[in-house]
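Contents: one structure, followed by commentary.
Throughout, read-outs are computed from the coordinates displayed, never taken from laboratory work. Predicted model, so just to flag it, every value in this text is computed and none were measured. Glycine also receives a Cβ, built like all others from the backbone with ideal geometry; neighbour counts cover every protein chain displayed.
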Amino acid sequence: MDQQMPIFPQGRAALFEGVGKPFKAINREVPALAEGEILVKNRYTTLCGSDIHTYCGHRKEPDEVVLGHEIIGDILWLPEGEEFKDYRGETVQIGDRITWSIFAVPAGIEAPRADMPQKSAGLFKYGHAQATDTDLFNGGLADYCVLRPNTAFLKISPKIPMKVAATISCAHSTVTGALRVAGNIKGKKVLVFGAGLLGISCVAMCREAGASWVGLIDNDASRLSWGEKFGADEQFIFPNNPVDGSFPWPQADVVFDMTGRPEAMKVGVESLGLGGTVVWIGAVFPASPVPVDAQRVVRNLLEIKGLHNYNYDDFVNATIFIEQNFEKYPFEELVEKEYTLDQIAEAFKYASEQKPVRVGINIDND
């Protein structure tokens, strides 16, 4: 690289070292960047459900990792003499606010399918990678993040509240992918299982996509209270002992499961009408098998589909959705409590015990 990168002050990172262990605070200089890398000053990170699952031991990540992949930041350094454009083709410069995809595909790697870049071999995932002496700034719970080449990033307006913008790169993009997988929603009855951020976002997206009716289901009444604000027609408490055919909600054309819980996934399939489709999104950690009535699937011409993460089009469309609707729906209120990077232990404790929709880490406020 011809340009000499300026020396930045040391940056902080909160290192997760394993379940039950305290976070380790690290201060370190940003290393020299490789060709094609971009340095971002992290501004805001929200704690995704998968971060909480890792913290609680429900899913396994490296024992030394800088968690956080729902991130926004401002470009701090770009190589001189090169024009950089975001994934939509907009020219970016130092100071622009951006968000970026959870993954980067290594150079020379071809996706297994054009619509599945998130399943490419050797994938790098922000907030999920082993932290090392030379590769520390690769997640959201740090002052900086080094963006690798082939990372899809998007310029976003600073008018979008940071609490909302940070959630684009995981929750909203994943939900956009779920709607893509489900097919045309217009005029259909939709059931959404799980009133976390994924489910609430799904309700709003289905409403904007022209669904004729949207029902939201959860076992937490406080979370269900968000449903009406985001376009749900009805909210339902998940029954203690659900019996097929006696559900309090009508049969649906499309069911989205954001819970990953076998009992909910089973009921979701049983809630489909003739020719219906269920999309499973929440099953991203080990759980018991889902007992599915194969005869029901065959005789009722049902479809069961799965989605993990999202592709580039989903990322773009999620960003567009938030740009068009961040003032229409109270997404900012879904970040129910905010902490600083120095309060990361308290943030995870609160998130895991109180189960708010989202907890935010305002890195600017330290």
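Laid out as a table, the results:
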read-out: For region 38-102 and region 147-224, distance of Cα centres in Å; value: 19
read-out: Label point at THR132 placed 7 Å out along Cα→Cβ; residues across region 15-33 whose backbone nitrogen lies under 20 Å; value: 15-18, 26-33
read-out: Antiparallel %, DSSP beta bridges [both residues in the chain], to 5; value: 55
read-out: Ranked packing of 195-208, 232-245, 300-313, most packed first, by mean Cβ within 10 Å; value: 195-208, 300-313, 232-245
read-out: Gained length - GLN93 relative to GLU332, 0.36 nm times residue gap less alpha-carbon distance; value: 83.4 nm
read-out: Cα-based reach from LYS189 at 12 Å (exclusive), listing aspartates and glutamates while leaving out same-chain residues under 8 positions away; value: ASP233, GLU234, ASP253
read-out: Backbone N under 16 Å from the ARG28 label point (7 Å along Cα→Cβ), restricted to region 65-96; value: 65-68
read-out: Burial ranking of peptide ranges 66-79, 89-102 (average Cβ count within 10 Å, highest at the top); value: 66-79, 89-102
read-out: Dipole magnitude of region 174-306 about its Cα centre (Cβ charges: Lys, Arg +1; Asp, Glu -1), debye to nearest 20; value: 320
read-out: Built amide H within the under 5 Å cut-off of THR277, gap 5+; value: VAL254, VAL255, GLU303
read-out: Alpha carbon convex hull of region 258-366, projected area averaged over orientations, nm²; value: 9.9
read-out: Rough spin-label spacing in nm, given labels placed 7 Å along Cα→Cβ, for ASP313 and PHE285; value: 3.2
read-out: Label corresponding to mean projected area of the Cα convex hull in nm² when calculated from the structure given, among (1) 17.0; (2) 19.7; (3) 18.0; value: (3)
read-out: For peptides 57-63, 124-130, sequence by mean Cβ density within 10 Å, most packed first; value: 124-130, 57-63
read-out: Distant-in-sequence amide H partners of TYR44 (H built 1.01 Å from N, under 5 Å); value: ILE72, ILE363
